[in-house]
Amino acid sequence: MRKGTTWSIFVIIIWIFSLVGWVRCIIKDVNCNWDPIGKAEIWYTIGVCTGAGAVIGWMDIKDN
């Protein structure tokens, strides 16, 4: 493989993981216990709205 092809595959894999993380963030946000609102609900909502869900979606945030 050429260097450009390897780089393109790497970028595509990163995009796929980011998209999956964002979708996971949406799912976790919808399935949160919203009574009372805690830190998990806040972080997942911020992640969905800003695109940071690509990373936050892979985290398991617990409400205490």
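Just so it is clear, none of the values below were taken in a lab; they were calculated from the coordinates. Because the structure is predicted, anything quoted here is derived from the model rather than measured. Don't worry about glycine lacking a Cβ; one is built from the backbone with ideal geometry, like all the others, and counts go over all protein chains shown.
Let me check against my output: what whole-number percent is the relative contact order of the chain, with C-alpha pairs under 8 Å and at least 6 apart?
Numbers: 66 pairs, mean separation 23.8, N = 64.
Relative contact order for the chain comes out at 37 percent.
Tilt of helix 39-50 relative to the longest C-alpha principal axis of the chain, in degrees (0 to 90, nearest 10)?
Tilt of helix 39-50: around 40 degrees.
Compute the angle between helix 3-31 and the longest alpha-carbon principal axis of the chain, please, reported from 0 to 90 degrees and rounded to the nearest 10.
Once rounded, one gets 10 degrees.
Please state the charge dipole magnitude for the chain, taken about the Cα centre, from unit charges on C-beta atoms (+1 on K and R, -1 on D and E), reported in debye and rounded to the nearest 20.
Numbers: 6 positive and 5 negative charges, 96 e Å.
Value, rounded to 20: 460 debye.
If neighbour count is taken as other Cβ atoms inside 10 Å, put CYS49, CYS25, CYS32 in order from fewest to most. List each step's numbers first, then the result.
Numbers: CYS49 11, CYS25 26, CYS32 18.
Ordered from fewest to most neighbouring Cβ atoms within 10 Å, CYS49, CYS25, CYS32 come out as CYS49, CYS32, CYS25.
According to a simple spin-label model (label point 7 Å from Cα along Cα-to-Cβ), what is the distance in nm between ILE12 and ILE37?
4.1
If you project the alpha carbons of region 15-64 onto their three principal axes, what span does each projection cover, largest first, in Å?
Projected onto the principal axes, the Cα atoms of region 15-64 cover 34, 17, 13 Å.
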